[in-house]
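Reading through the structure tokens given below for one structure.
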Amino acid sequence: MEQAASPLGPHRGRFFVPEAARRRAIAQKLTQRTAALTTETLAEMDRRHGWFAAMHPEHRSWITLVARAGIDHFVTWFADESDEPVLAVELFNAAPRLATRRISLHQTVELVKTTIEVVERSFQELPPADQADLEAAMVDFSRSVAFAAAEVYAAAAEQRGDWDTRLEAYVVDSVVRGEMDEDLLSRAAALGWSARSGGVAVAVGELAGEADVAVDRLHSFAAKNRLGALAAPLDARLVAILGGDAVADDTAALARFGEVADVFGPGPLVVGPVVAALGSAPASARPALMGYRAAAMAPAAPRPVHADDLLAERVLAGDETAGRALVTRAIQPLDSSGGDLTATLTAYLDEGSSVEATARRLFVHANTVRYRLRRIVELTGLDPMNPPDAFTLGVALRLARL
């Protein structure tokens with residue numbers, strides 16, 4: 001059986017479109033009120049939302065543009081006889097692209113809701129049949145606007161994400177190259193670096209898998225532990241910077257990077273010395289990078305390992321600063337104690353780590369040698385009876401002779 005045609009005319013979307021003439025007449029009535037509806041919308045926004053009243057005048061003007069564009073777009077679309085779908089994305093073009101960075105998605109949703117409610121109130125002045133048609137049209141239109149807002153903010157978020165990734169890589173690269181300045185500190189703050197106290201340390205390890213996944217995991221860890229974090233791939237390496245109260249000293253820095261060691265690939269993970277602030281991070285980055293380069297000479301080193309525990313290896317890898325640091329750490333305390341400890345260390349290493357042979361060479365009792373070896377450990381943190389430490393002390397002695 002053939003269905004009777006609807007008296008309201010052809011079907012558009014989820015509602016019935018009235019006759020073209022009546023639809024144009026309804027739209028004309030709304031057109032005469034678009035300016036007033038925009039003013040009412042802004043007044044309602046002012047009444048409902050404190051954030052709107054506190055906005056900068058320029059940003060309020062952007063909201064005015066979007067509200068007016070939305071009302072105009074609805075009226076034009078309703079009057080259109082071509083049955084074209086809603087192109088709601090176009091109404092967001094009324095405001096500059098910067099608007100998505102100054103006006104949040106939540107604020108935009110509040111704007112859309114308020115505008116729709118104000119426009120729907122104006123329907124009450126129309127005949128019941130016209131109200132029904134407009135309300136059905138508004139359902140379709142508001143749904144399209146909601147999807148359009150989500151699309152606009154999603155695209156903006158993707159663009160910001162790409163920009164932030166490039167900016168973060170630039171800041172990390174500047175730290176590695178030792179080119180920090182106030183401008184870069186401002187860029188780091190824009191990326192969310194919030195560490196204002198505690199310390200800062202740089203770690204270098206192997207890059208495994210997707211760099212963005214590793215960086216995201218580091219940021220998640222930092223957020224949970226209230227740390228500042230920056231990270232970026234550098235060739236086949238991953239360079240990470242952590243800062244905050246939980247990175248107050250070298251021991252704490254090793255512990256924090258130990259908690260995220262699985263973010264890095266297999267192989268050495270070297271942590272530079274803790275510095276006071278992000279502006280001083282290059283002083284942590286250089287030892288970490290040189291330590292990573294030299295770590296292949298110390299396969300038994302812990303993971304993570306502090307860069308200063310690889311001073312001898314860094315010397316062999318060509319790090320001149322490591323040589324001075326090694327002599328300062330390992331030889332100067334011995335020389336300052338009177339000289340007997342340096343002579344004992346030299347004899348002990350020359351005699352193949354034999355306490356008895358050292359005692360004979362120095363004409364002292366073996367227990368005296370043992371006592372002096374314990375003093376060396378106390379003053380330097382390096383144990384001559386431990387082969388890796390003995391190697392480090394031997395390199396230090398040779399450098400001191402230069």
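The values are calculated or read from the model by the stated rules, or taken from the named source; none is laboratory data. All of these numbers come straight from a predicted model, not from anything done at the bench. Counting neighbours? That spans all protein chains shown, and the Cβs are built from the backbone with ideal geometry, glycine included.
Numbers below:
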| read-out | value |
| --- | --- |
| Any hit, segment 181-198, residues being within 22 Å of R286 (Cα to Cα), at pLDDT 90 or above and not in a helix (DSSP H, G or I) | yes |
| Residue that is modelled with the lowest pLDDT [pool: residues in segment 20-34 that are surrounded by 13 or more Cβ atoms within 10 Å (Cβ to Cβ) and more than 14 Å from D72 (Cβ to Cβ)] | A20 |
| Checking A317 against (1) crowded, with 20+ Cβ neighbours inside 10 Å; (2) touching a residue at least 24 places away in the same chain (Cβ under 8 Å), the condition it does not meet | (1) |
| Members of segment 267-309 found to be surrounded by fewer than 20 Cβ atoms within 10 Å (Cβ to Cβ) and among the polar types (S, T, N, Q), listed by number | S280 |
| Residues that are outside any helix (DSSP H, G or I) and touching a helix residue (DSSP H, G or I) at 6+ places or on another chain (Cβ under 7 Å), drawn from segment 338-377 | E351, S353, H365 |
| Test: R324 is surrounded by fewer than 16 Cβ atoms within 10 Å (Cβ to Cβ) and either out of contact with any helix residue (DSSP H, G or I) (no Cβ under 8 Å at 6 or more places or on another chain) or not hydroxyl-bearing (S, T, Y) (or both) | yes |
| Matching residues in segment 163-206 - criterion: being crowded, with 18+ Cβ neighbours inside 10 Å, in contact (Cβ under 8 Å) with a residue 12 or more places away in the chain and small (G, A, S) | A169, A188, A195, G198, G199, A201, A203, G205 |
| Cβ-Cβ under 9 Å pairs, at least 6 apart or on other chains, segment 251-280 side of a type in the set (D, E), far side surrounded by fewer than 23 Cβ atoms within 10 Å (Cβ to Cβ) | E259/F221; E259/N225; D262/R217 |
| Any hit, segment 293-309, residues being within 18 Å of L402 (Cα to Cα) and of a type in the set (K, R) | no |
| Residue tally, condition hydrophobic (A, V, I, L, M, F, W, C), touching a helix residue (DSSP H, G or I) at 6+ places or on another chain (Cβ under 6 Å) and closer than 19 Å to A307 by Cβ, over segment 195-217 | 5 |
| Among the candidates M55, M45, residue that is buried (at least 17 other Cβ atoms within 10 Å of the Cβ), in the same structural domain as H106 (by TED's automatic domain parsing), closer than 27 Å to Q131 by Cβ and at pLDDT 75 or above | M45 |
| Some residue of segment 366-375 being more than 18 Å from G394 (Cα to Cα) and of a type in the set (F, W, Y) | yes |
| Number of the exception - P384 against (1) assigned to a loop (DSSP other than H, G, I, E, B); (2) in contact with a helix residue (DSSP H, G or I) (Cβ under 7 Å, 6 or more places away or on another chain); (3) surrounded by fewer than 16 Cβ atoms within 10 Å (Cβ to Cβ) | (3) |
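Yes or no, residue by residue, for (1) in a helix (DSSP H, G or I); (2) more than 16 Å from G198 (Cβ to Cβ); (3) out of contact with any Asp or Glu (no Cβ under 7 Å at 6 or more places or on another chain):
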{"residue": "A214", "(1), (2), (3)": "yes, yes, yes"}
{"residue": "S220", "(1), (2), (3)": "yes, yes, yes"}
{"residue": "R226", "(1), (2), (3)": "no, no, yes"}
{"residue": "V239", "(1), (2), (3)": "no, yes, yes"}
{"residue": "T251", "(1), (2), (3)": "yes, no, yes"}
{"residue": "L254", "(1), (2), (3)": "yes, no, yes"}
{"residue": "G258", "(1), (2), (3)": "yes, yes, yes"}
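The rows are residues; the columns are (1) in the same structural domain as A201 (by TED's automatic domain parsing); (2) basic (K, R); (3) assigned to a strand (DSSP E or B).
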site	(1), (2), (3)
V270	yes, no, yes
G279	yes, no, no
A283	yes, no, no
P287	yes, no, no
Y292	yes, no, no
A295	yes, no, no
A300	yes, no, no
R314	no, yes, no
